[in-house]
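Peer 1: Handing you this structure, nothing more for now.
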Amino acid sequence: MSAASAAKPYFEEGRRGFLGWVTSTDHKRIAILYLVSMVTFFLVAVALGVLMRIEQLTMGQTIMKPTTYNALFTLHGVIMIFLFVLPGLPAVFGNFFLPILIGARDVAFPRLNLLSWYFFLAGALIAVASLFTGGGPPDTGWTFYVPYSVKTGTNVTLAVFGAFVLGFSSILTGLNFVTTIHRLRAPGMTWFRMPLFPWSLYATGWVQILATPIVGITLVLLILERLFHVGIFDPAIGGDPVLYQHLFWIYSHPAVYIMILPAMGAISEIIPTFAHRAIFGYGAIAMSSMAIAGLGSLVWAHHMFTSGLSDFSVLVFSLLTFLVAVPSAIKVFNWVATLYRGSIELTAAMLYALSFIFLFCIGGLTGLFNGALAVNVHIHDTYFIVGHFHYVMFGGTGFAFFAALHYWFPKMTGRTFSERFAKISWAPLFFGFNVLYFGMLVLGAQGMPRRYYDHLPQFHTGHVVITVGSWFLSLGVLMMFGNLLYAAFRGGRAEANPWGGVTLEWTLPSPPPAENFETVPTITAPPYQFNPESAP
Amino acid sequence: MFFGGASDVSGRVDAVFLYIAALTAAFLVFITALMIYFVVKYSRKRNPNPADIRSHAWLEVTWTAIPLVLFLSMFYYGWTNYHYMRSVPRDAMVVKVTGRQWAWSFSYPNGKGTSELVLAVRRPVKLEFTSPDVVHGFYIPAFRVKQDVVPGQTNWTWFTPEKEGVYDIECTVICGVSHSYMLSKVHVVPEERFKAWYFSDAVEPPAETAEAASGGPLAGDPDRGRLVYAGKACATCHTLDGARLVGPSWKGLYGSRETVVTDGKERPVTVDDTYIARSIRAPGADVVKGYPPAMVLPHSLDDQEVADVVAFLKTLK
């Protein structure tokens with residue numbers, strides 16, 4: 001250990017400065033590149049969301065015109081989905097910790113890993129360029145439904161091309177992780193001795209590899225349709241708009257699981273550490289990830305129940321949708337059971353992780369309403385759906401990202417942050433979140449359609465309430481990131497193992513040196529051995 | 001949402017909704033309470049010596065089996081009621097609905113064309129949807145009825161309105177700049193009044209219900225109407241001096257006879273309060289012949305403002 005602690009931190013190894021950062025193939029440096037770019041995009045998209053909420057503060061025009069509003073919800077969705085939620089946990093925490101958790105010195109293809117970040121940045125810049133060129137920012141919603149996306153004069157072509165480029169980043173990252181897990185596990189690190197975060201990344205990696213090409217091809221077809229009118233999607237020239245919806249959701253529903261699986265994996269690391277005991281149901285959690293990845297690939301048409309599908313397809317897709325809820329429920333039960341007879345420290349990271357369970361439950365449970373056919377007809381395309389997926393993606397993936405950020409922050413930066421301030425920021429964040437998104441569930445059940453610039457008088461009170469909620473929420477977000485940003489530069493020195501964790505990253509100094517392990521460890525037991533002697 | 005249901009479908013949808021709401025609320029309370037209880041009871045202070053309990057086969061089986069059974073019951077309940085929504089009675093009246101950017105129009109079996117839907121209470125109706133441009137969504141929240149309106153295919157839904165009244169129709173699929181103004185109303189009236197209306201020349205809904213909905217006509221103020229004209233960009237397309245821009249000039253417009261195109265058919269109208277209100281609310285519904293259906297409504301006018309505009313128009317002789 002003394003030799004390891006004498007080693008230089010990873011970010012002082014090799015070339016320094018800006019060039020050092022953007023040319024390094026160290027998985028940890030690439031993770032930091034992703035972290036900085038993603039948090040920036042996230043804050044921009046939060047700001048867009050707050051502007052939309054302010055517009056809804058009064059009926060009629062408040063601060064913007066409908067064209068602006070339609071551009072805002074499109075951008076908010078595109079940025080949040082493609083630049084934060086989808087790549088977030090794998091690209092940041094997967095890159096940083098996957099190799100360490102399985103006892104490897106880097107990912108299988110370090111240069112490909114850096115290329116993935118370049119694809120990510122290029123895709124993002126192309127999407128940004130679409131705002132200022134051609135017909136201006138796209139106004140179709142992030143789903144780019146045809147034929148509107150073919151007919152609109154806004155710059156859909158470039159924005160869609162940006163999403164296409166981002167797809168390569170995702171595919172290559174998935175490929176890299178799957179290969180890393182197959183080939184680079186430390187001696188003795190059998191599949192069932194892997195911690196659960198790598199398991200979730202493994203399931204995610206396969207979905208990224210198999211599903212992302214479909215959306216890539218679909219987006220190219222959409223571009224061809226716009227430029228050359230080939231007649232695949234536009235019914236005016238013999239195309240089928242519902243075909244586009246199928247192709248889009250064949251990727252984009254599994255994408256939801258790309259978003260949530262790594263989040264579940266991170267939670268499965270955090271809870272045992274702060275309960276100071278082994279995770280309950282290791283096998284069930286690992287296998288339910290694989291079940292979610294498999295079943296989740298077969299439920300896409302539940303986004304299209306009102307589009308005129310045959311009654312038989314609707315029946316099958318509804319049934320499969322209810323089945324995919326089972327493995328998610330299993331995970332929740334196992335996490336809660338892990339608290340039983342633990343020795344629980346309610347740190348900031350744990351607080352965010354437990355909030356994840358609560359918010360993800362609401363997200364998952366409201367999904368059951370959507371899956372039930374009769375109810376789906378009523379709430380489809382309303383604020384209920386918007387509330388539901390914000391509970392899953394923000395309450396789920398977002399809160400897991402925050403939890404993981406607090407959990408691994410000392411390891412990544414070598415600094416400590418103010419626990420107290422982190423917990424204080426949680427209060428407005430959690431309160432505002434529930435006012436905003438539970439309010440959306442209520443508004444949707446009352447019949448408020450999504451993507452509406454204006455609203456009818458009966459929805460007005462609800463809109464005012466949730467707009468106020470959005471202010472608390474964004475205040476909490478700013479406080480939380482402000483605390484961590486301050487800590488990154490001014491925080492105290494972090495210990496190697498501040499939380500008493502037992503996975504491999506805690507055996508390394510904080511921050512870890514380049515190439516992680518001086519000698520690659522040999523693994524002799526299953527993970528999460530907190531109190532081996534007390535096991536029944 | 002549990003009040004205001006006004007069709008045979010709404011009771012069924014609400015029943016499934018409540019069933020799932022009850023089960024999921026119970027689940028959420030149980031999980032949350034358990035979590036808080038464990039965090040307090042097994043805190044580091046109270047329980048410094050944790051136990052590594054790694055799994056319990058029967059627990060795993062139980063909490064897989066029970067949710068599975070409950071989920072399947074939700075699926076079944078959702079499906080049977082959906083099945084009802086897909087089984088049209090033979091005597092349902094068929095109304096063809098066209099959704100276009102950004103207005104709804106309705107065509108009845110006898111050829112009557114309207115921009116608001118008028119239905120007889122307790123009489124089943126089947127709506128058949130087409131779109132000439134992009135995808136729209138037809139939604140009557142009070143009836144719990146929704147159907148995507150997809151160009152190139154004819155989708156349908158059916159229901160039986162059960163309570164008299166006036167209900168909102170909304171578009172639910174983003175279709176462009178005036179998506180949130182692609183609204184209409186459905187008027188549910190007694191059978192006799194429906195028949196009288198149906199066999200008359202009127203395209204406006206029966207008067208009583210329309211006024212009941214808005215609480216009677218509002219008094220307009222021409223001066224405020226002039227402010228609306230200037231402030232809501234009306235002046236971009238409509239002049240006050242008789243010159244032709246994108247839309248008809250407002251000079252001498254009130255009370256004149258015009259030929260308009262409704263749902264592809266020409267018909268004469270007198271420019272009166274109702275016509276003006278409708279032109280503002282649903283600009284694509286009746287377009288004056290010779291003008292493009294170009295009016296966009298980025299500026300919602302409330303009922304008072306519409307009345308003011310009408311009063312202002314009356315002064316422009």
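The values are calculated or read from the model by the stated rules, or taken from the named source; none is laboratory data. Every value quoted in this text rests on a predicted model; they were computed, and no experiment measured them. Note that we place each Cβ from the backbone using ideal geometry, even for glycine, and neighbour counts take in every protein chain shown. Keep in mind that these areas ignore ligands, DNA and RNA; they rest on the heavy atoms of the full protein, side chains included. Shrake-Rupley method; radii C 1.70, N 1.55, O 1.52, S 1.80 Å.
Peer 1: In whole percent, how big is the carbon plus sulfur part of the accessible area of the protein assembly as shown, probe 1.4 Å, protein atoms only?
Peer 2: Carbon-and-sulfur percentage of accessible area, whole number: 66.
Peer 1: Specify the inter-centroid distance of the stretch B:23-91 and the stretch A:181-258, based on alpha-carbon positions, in whole Å.
Peer 2: 30
Peer 1: Among the lysines in chain A, how many pairs, 8 or more places apart or on different chains, have alpha carbons under 29 Å apart?
Peer 2: Step by step, the pairs that qualify in chain A add up to 9.
Peer 1: Can you find, among B:Ser256, B:Gly111, B:Leu34, the residue farthest towards the positive end of the dipole of chain B? Put +1 on the C-beta of Lys and Arg, -1 on that of Asp and Glu.
Peer 2: B:Leu34
Peer 1: Cα atoms only: what Rg and Dmax, in Å, come out for the stretch B:218-314?
Peer 2: Rg, Dmax (Cα atoms, Å): 12.5, 36.
Peer 1: Which Cα, out of B:Leu316, A:Phe97, A:Ala403, lies furthest along the positive dipole direction of the protein assembly as shown (beta carbon charges, K/R +1, D/E -1)?
Peer 2: Working it through, the farthest residue towards the positive pole turns out to be A:Phe97.
Peer 1: Give the shape of the stretch A:12-89 as rounded, prolate or oblate, defined through the alpha-carbon gyration tensor: a ≥ b ≥ c are the square roots of its eigenvalues, a/c under 1.5 means rounded, and otherwise the shape is prolate if a/b is larger than b/c and oblate if not. Don't skip to the answer; put the middle values down first.
Peer 2: On the way: a/c = 4.19, a/b = 3.35, b/c = 1.25.
Note, shape of the stretch A:12-89 comes out prolate.
Peer 1: So what's the net charge close to B:Pro132: Lys and Arg +1, Asp and Glu -1, counting the other residues with Cβ under 12 Å from its Cβ? Before the final figure, lay out the partial values.
Peer 2: Working: positive: A:Lys151, B:Arg100; negative: B:Asp133, B:Asp263.
Summing Lys and Arg as +1 and Asp and Glu as -1 gives 0.
Peer 1: Rounded to the nearest 500 deg cm²/dmol, what is the calculated helix-only ellipticity per residue at 222 nm for the protein assembly as shown, with -39500 (n - 2.57) per DSSP H run of length n ≥ 4?
Peer 2: -18000 deg cm²/dmol
Peer 1: From the P(r) of the protein assembly as shown, could you give the percentage of C-alpha pairs in the tail past 44 Å?
Peer 2: 32
Peer 1: Here is a follow-up. When the solvent-accessible surface of protein heavy atoms is calculated with a 1.4 angstrom probe, in what order do A:Leu243, A:Leu101 fall, highest first? Can you show the working numbers first?
Peer 2: Details: A:Leu243 70, A:Leu101 0 Å².
My answer, sorted largest first, is A:Leu243, A:Leu101.
Peer 1: If you don't mind, there's one more thing I want to ask. Of A:Val464, B:Val260, which has the most accessible area with a 1.4 Å probe, and how do the rest follow in descending order?
Peer 2: A:Val464, B:Val260
Peer 1: Can I ask one more? Translational D (Stokes-Einstein, µm²/s) of the stretch B:8-85 at 4 °C and 1.567 mPa s when Rh comes from the Kirkwood sum over C-alpha pairs?
Peer 2: It comes out at roughly 83 µm²/s.
Peer 1: Between A:Gln529 and A:His229, how many nm apart are label points set 7 Å from Cα along the C-beta direction?
Peer 2: Calculated label separation equals 7.0 nm.
Peer 1: If you filter the stretch B:146-208 for chymotrypsin sites (Phe, Trp or Tyr not before Pro), then keep DSSP loop positions with at most 12 other Cβ within 10 Å, what is left?
Peer 2: In loop regions of the stretch B:146-208 (DSSP not H, G, I, E or B), the sparsely surrounded chymotrypsin sites (Phe, Trp or Tyr not before Pro) are B:Phe199.
Peer 1: What residue among B:Thr80, B:Val9, A:Phe144 has its Cα farthest toward the positive end of the dipole of the protein assembly as shown, where the charges are +1 on Lys, Arg and -1 on Asp, Glu, each on the Cβ?
Peer 2: Farthest towards the positive pole: A:Phe144.
Peer 1: If r is the Cβ-Cβ distance from B:Asp272 to B:Thr32 and R0 is 56 Å, what FRET efficiency results, to the nearest 0.05?
Peer 2: Details: r = 59 Å, r/R0 = 1.06.
E(calc), rounded to 0.05, equals 0.40.
Peer 1: Tell me the relative contact order for chain B as a rounded percent, counting alpha carbon contacts under 8 Å between residues six or more apart.
Peer 2: Values: 537 pairs, mean separation 49.5, N = 317.
Here the relative contact order equals 16 percent.
Peer 1: Kirkwood Rh, the stretch B:93-207, all Cα pairs: how many Å?
Peer 2: Computed over Cα pairs of the stretch B:93-207, the Kirkwood hydrodynamic radius comes out at 14.1 Å.
Peer 1: State the antiparallel share, in %, of DSSP beta bridges confined to chain B, rounding to the nearest 5.
Peer 2: Bridges in chain B are about 75 percent antiparallel.
Peer 1: Taking the Cβ-Cβ separation of A:Glu518 and B:Asn49 as r and a Förster radius of 30 Å, what is the calculated FRET efficiency to the nearest 0.05?
Peer 2: Result of the calculation: an efficiency of 0.35.
Peer 1: Continuing with this model, one more query. In chain B, which whole DSSP H runs stretch at least 27 Å along their own axis (Cα) and average -1.0 or higher on the Kyte-Doolittle scale?
Peer 2: Helices passing the filter in chain B: B:8-41, B:57-85.
Peer 1: Still on this structure: Return the FRET efficiency for the residue pair B:Ser249, A:Trp471: r is the Cβ-Cβ distance, R0 is 51 Å, and the value is rounded to the nearest 0.05.
Peer 2: The computed FRET efficiency comes out at 0.65.
Peer 1: While we're here: Mean Kyte-Doolittle of at least 1.6 plus a Cα span of 24 Å or more along the axis: flag which DSSP H helices in chain A meet both, please.
Peer 2: Taking the DSSP H segments of chain A (at least 24 Å long, mean hydropathy at least 1.6), we get A:311-339, A:348-371.
Peer 1: Quantify how strongly other chains surround peptide B:135-145 by giving the mean number of their Cβ atoms within 10 Å of each of its Cβ atoms. Walk me through the numbers before you get to the answer.
Peer 2: On the way: counts 10, 1, 7, 1, 8, 2, 11, 2, 2, 6, 3.
Taking all residues of B:135-145 together, the mean is 5.
Peer 1: Here's a follow-up. How high is the relative contact order of chain A, given as a whole-number percent (alpha carbon pairs under 8 Å, six or more residues apart)?
Peer 2: Details: 905 pairs, mean separation 100.6, N = 536.
Dividing the mean separation by the residue count of chain A yields 19 percent.
Peer 1: How large is the translational diffusion coefficient of the stretch A:312-468 in µm² per second when you combine the Kirkwood radius over alpha carbon pairs with Stokes-Einstein at 37 °C and 0.692 mPa s? Intermediate results must be reported in sequence, preceding the final value.
Peer 2: Values: Rh = 17.4 Å.
Approximately 188 µm²/s, per Stokes-Einstein.
Peer 1: Where does the Debye-calculated log10 I(q)/I(0) of the stretch A:133-197 sit at q = 0.21, 0.22 Å⁻¹, using only Cα point scatterers of equal weight, no solvent?
Peer 2: So the normalised log intensities are -0.85, -0.90.
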